[in-house]
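Heads up: the structure comes next, in structure tokens.
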Amino acid sequence: MITVALSKGRLFDDFIKYIEGQGLKKYSEVLRGESRTLFTLVDDVRFIFAKGPDVPVYVERGAADIGIVGSDILDEEDFEYLNVSGLPFGRCHFALAGPPNIDHFNTVASKYINIARKYFNQEQEAVSLIHLNGSVELAPILGLADGIVDIVQTGNTLKDNGLIEYKKITEVQARLIANKQTFYTKEEEIYKFISEIGVIA
Ligand code: PRP
Ligand code: MG
């Protein structure tokens, strides 16, 4: 048996749509179920449903053999894993955003504090960063910060909150990662699964 850690939330829906597109009903039908159970078994593949930032934790420690997770999470924190492949979904990007007419960003709020720090270091801009856990668009609205570094997908959240994008920072996409040991010790089962889902030919 192999264990595949999936990220709950948007990426989960994108993954189901992706495997439906691959004609893999045996997985998608089970994964679409309404149950609150946090794991499910299909043949010899056990899927676990984790919070996105926890997926690389399970994979690093071998509790899961494979993880499907956004590159935003992998870029934000350092983990040990094999970077197997990019996946053709979950595409969005990081941006610096704020209210219109900001000349200089002195304070910036973000859930992705390391990505934000790296960006401003590269730009050689001294910015004070404030770490928030989500809904960061509130920060410039309430005057907590001048702007935000956050993920933009459709752009609707920025628009609905009266914010605009100033700079695109990096691309984001779903990635397939694997545990450094079990990728080899469970090679056969892992290859079977990743070729089934169209990651390798
Ligand atoms: C994410 C992200 C943006 C929004 C981008 O937030 O932080 O706010 O989605 O998507 P859009 O461009 O399609 O509107 P999410 O709702 O996932 O929650 P969080 O900010 O609380 O983590
Ligand atoms: Mg958000």
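Quick one: what are the phi-derived ³J(HN,Hα) couplings along segment 27-33, Karplus 6.51/-1.76/1.60 with θ = phi - 60°, whole Hz, x for glycine and proline?
Listing the rounded values in order: 8, 4, 5, 5, 5, 6, x Hz.
Would you list the P(r) distribution for the chain, with all Cα-Cα distances sorted into 10 Å bins from 0 and each bin expressed as a whole %?
In whole percents, the pair-distance histogram is 9, 33, 29, 19, 9, 1.
Would you kindly state how much longer the chain becomes between Leu138 and Ile102 on full extension, computed as 0.36 nm times their sequence separation minus their alpha carbon distance, in nm to one decimal?
11.4 nm
Just report the Cα centroid separation between segment 112-162 and segment 51-107, whole Å.
Using only Cα atoms, the two centres lie 15 Å from each other.
Gap in Å between the Cα centre of segment 1-32 and the Cα centre of segment 163-192?
Here the two parts' Cα centres lie 15 Å apart.
Looking only at Asp150, Asp103, Asp75, which one moves most when the chain is put into a Gaussian network model with springs between Cα atoms under 10 Å?
Asp103
If I stretch the segment between Glu165 and Glu34 completely, what's the gain in nm (0.36 nm per residue apart, minus their alpha carbon distance), one decimal?
43.5 nm
Roughly what % of DSSP beta bridges within the chain run antiparallel, to the nearest 5?
60 percent
What lysines sit close enough to Lys159 to cross-link, taking a C-alpha to C-alpha distance under 28 Å and skipping anything fewer than 8 places away on the same chain?
Cα-Cα hits under 28 Å: Lys8, Lys17, Lys51, Lys111, Lys118, Lys167, Lys168.
Please work out the average accessible area per residue across segment 99-194, using the 1.4 Å probe convention, and give it in Å².
Values: 5620 Å² over 96 residues.
Accessible area per residue, segment 99-194: 58 Å².
Relative contact order for segment 1-109: what is it in percent, counting Cα pairs under 8 Å that are at least 6 residues apart?
34 percent
Rounded, prolate or oblate: which one fits segment 92-171, using the alpha carbon gyration tensor with axes a ≥ b ≥ c (rounded when a/c is under 1.5, else prolate when a/b beats b/c, else oblate)?
It is rounded, given that a/c, with a ≥ b ≥ c, falls under 1.5.
Could you grab the relative contact order for segment 92-171? Cα pairs under 8 Å, six or more apart, rounded to a whole percent.
51 percent
Could you tell me how many degrees, from 0 to 90 and to the nearest 10, lie between the Cα long axis of helix 113-122 and the main elongation axis, the longest principal axis, of the Cα atoms of the chain?
60 degrees
For the chain, what is the mean residue ellipticity at 222 nm derived from helices alone (per DSSP H run of n ≥ 4: -39500 (n - 2.57); sum divided by total residues; nearest 500 deg cm²/dmol)?
Result for the chain, helices only: -8000 deg cm²/dmol.
When DSSP beta bridges are limited to those with both residues in segment 92-171, what percentage is antiparallel, rounded to the nearest 5?
Taking every DSSP beta bridge with both residues in segment 92-171, the antiparallel ones total about 60 percent.
So, in nm, how far is label Asn156 from label Asp78 when the simple model puts each one 7 Å beyond its Cα toward the Cβ?
Simple spin-label model gives 3.8 nm for this pair.
In Å³ and rounded to a whole number, note down the convex hull volume per residue for the Cα atoms of segment 1-62. The partial results should precede the final answer.
Values: hull volume 5.2 nm³, N = 62.
That works out to 83 Å³ per residue.
Roll a 1.4 angstrom probe over the protein heavy atoms and tell me the percent of accessible area of segment 84-159 that is carbon or sulfur.
For segment 84-159, the apolar C and S fraction of the accessible surface comes to 47 percent.
For the chain, calculate the relative contact order in percent as a whole number, restricting contacts to Cα pairs under 8 Å that are 6 or more residues apart.
Reported as a whole number, the value is 28 percent.
Based on the mean of other beta carbon atoms within 10 Å per residue, what is the order of 120-131, 42-53, most packed first?
The most tightly packed comes first, giving 42-53, 120-131.
The values are calculated or read from the model by the stated rules, or taken from the named source; none is laboratory data. No experiment lies behind these values; they were computed from the predicted model shown. Glycine also receives a Cβ, built like all others from the backbone with ideal geometry; neighbour counts cover every protein chain displayed. The area values use the complete protein model at the heavy-atom level, side chains included, leaving out ligands, DNA and RNA. Shrake-Rupley method; radii C 1.70, N 1.55, O 1.52, S 1.80 Å.
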